[in-house]
1. What list of ³J(HN,Hα) values in whole Hz, one per residue of the stretch 124-132 in order, does the Karplus curve 6.51 cos²θ - 1.76 cosθ + 1.60 (θ = phi - 60°) give from phi, with Gly and Pro shown as x?
2. Provide the FRET efficiency to the nearest 0.05 for the Leu396-Lys328 pair, computing r from the beta carbons and using R0 = 25 Å.
3. How long is the gain from Asn64 to Val148 if the chain were fully straight, where each residue apart is worth 0.36 nm and the alpha carbon distance is subtracted?
4. Quick one: Karplus J couplings for the stretch 86-100, per residue in order, coefficients 6.51, -1.76, 1.60, θ = phi - 60°, nearest Hz, x for Gly and Pro?
5. Using packing as a proxy for protection, rank 100-106, 392-398 so that the peptide with the highest average count of other Cβ atoms within 10 Å comes first.
6. Taking H as built 1.01 Å from N, whose amide H comes closer than 5 Å to the amide H of Ala63, not counting residues under 5 places away?
7. Go ahead and collect, in residue order, the members of the stretch 379-403 whose backbone nitrogen is under 19 Å from a label point 7 Å along the Cα-Cβ direction of Arg315.
8. Could you name the lysines whose alpha carbon sits less than 30 Å from that of Lys283, not counting residues in the same chain fewer than 8 places away?
Amino acid sequence: ALANWRSNVEQVGWPVALVTSAVLGLTVVLVRTLAKRARDEARLRLSDLVLANVSNGVTIADANAPDFPLLYVNPAFERITGYDAGQAIGRNARFLHCDDAAQEGLDIIRVALAEGIPATVKLRNIRADGVPFWNQVSLTPVRNKVGVITHWVGVQRDITKEEEARAALAAAYEDVAHYSADLERFSFVLAHHLQEPARQMRLQAQVLLQRLEEGGTPADREPSERIVEASARLIGLLRDVQTYLAVERLPAEGLPGSPNQALAVAVEWYKERIPGGAVRVDKDDLPKVGMTQKRLDDLFEILVENAVQFRHPERPLHLKVTAEPDGKFWRFRFADNGIGIDSCFFERIFIPLERLQPRTEHTGTGIGLAVARRIVEASHGRIWVESDGVRGSAFLFTLPKAA
């Protein structure tokens, strides 16, 4: 046969070497084509194996056919939805939500299909057995070499348990908020009613102390003095607790409040507690803020009282108050030259009833700065402290600008 082939080639007049080379070249191309086909088939088998075993549902829709019919669904899709491939292929995937078309996720999908962009949404779908479930759907366009979309790949994940857990958690939060509000109302009323017995206890102890001063010994008077002191602390504590709880009851916003007025009133009130009234105040012309004057008065009263309580024993009290714009807020800086605060206590000082100094050295209930934080945060601001622990402290806080 080879001899006949060579004879035929020679009769045609083609060089045997040239024809042999061409045949070899065609053979190589054929072998490579067959090898590529084998690799492609292996990749397809691997892809089929992967799609058949993934836990998420996978669909492929024809982007060029009317209504984007499904061309493929994997076994996970059948398991999640209850529809087998024969029931799904050829249909638009909208059959999964039946007549529940008023969903935000569906609007997002329509935009994605129109603009050819990926999208991930959460949909309320119905299984084949009529049981509803939550479906997280991700759509991705597939384009050909010239950029035209030929198919849409969808990935479905059943998130029903996650949504049920989220709903249960939200309900639990709502219950906690309800019980917390009830407890806060009860605590507010309780603090109010306990103040009267505390005042009576203090009054009676003072009467007893006066009688003992007329004929008793110092040892007789000491218990009464302690009762008077303890009842005074109790009255102050109940008052501060009531103030702390009342923050949420007062309106956060209203007519513009004047920080200048609030600062002046607070300083004048607490000057009497400083020997000789020695206090120096340097301040800007402070801007009005979007907060009621009552809340603003309470805030500056707390800050001034704190500065008076923790003033340095060897230098006159000096306050410096400034303000600068910070977006929709004013950022205030209330600085003193007191004993300062160690950085490890910067957060603790805002915790209710947290005391950093012994009661024998500094009076107070340990609630004031916690109230200050609630006042500021009720107006969507924030408050923090800066100090080197030696040369005083600076309280910085943001309050909304007046409308």
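Coordinate-derived values only; no laboratory data. All figures in this text were calculated on a predicted structure; none of them were measured in a lab. A quick note on method: Cβ atoms are made from the backbone with ideal geometry, for glycine too, and the neighbour counts reach across all protein chains shown.
1. Taking θ as phi minus 60°, the curve returns 8, 10, 10, 6, 4, 8, x, 7, x Hz for the stretch 124-132.
2. Values: r = 16 Å, r/R0 = 0.66.
After rounding to 0.05, the efficiency reads 0.90.
3. Values: separation 84, 0.36 × 84 = 30.24 nm, distance 0.98 nm.
Length gained, Asn64 through Val148: 29.3 nm.
4. Karplus-based 3J(HN,Hα) across the stretch 86-100 equals x, 7, 9, 5, x, 10, 6, 5, 5, 4, 6, 9, 6, 9, 8 Hz.
5. On the way: 100-106: 12.9, 392-398: 21.3.
Result, highest mean Cβ count within 10 Å first: 392-398, 100-106.
6. His151, Trp152
7. Output list for this probe position: 386-396.
8. Straight-line reach from Lys283, under 30 Å: Lys271, Lys294, Lys320, Lys328, Lys401.
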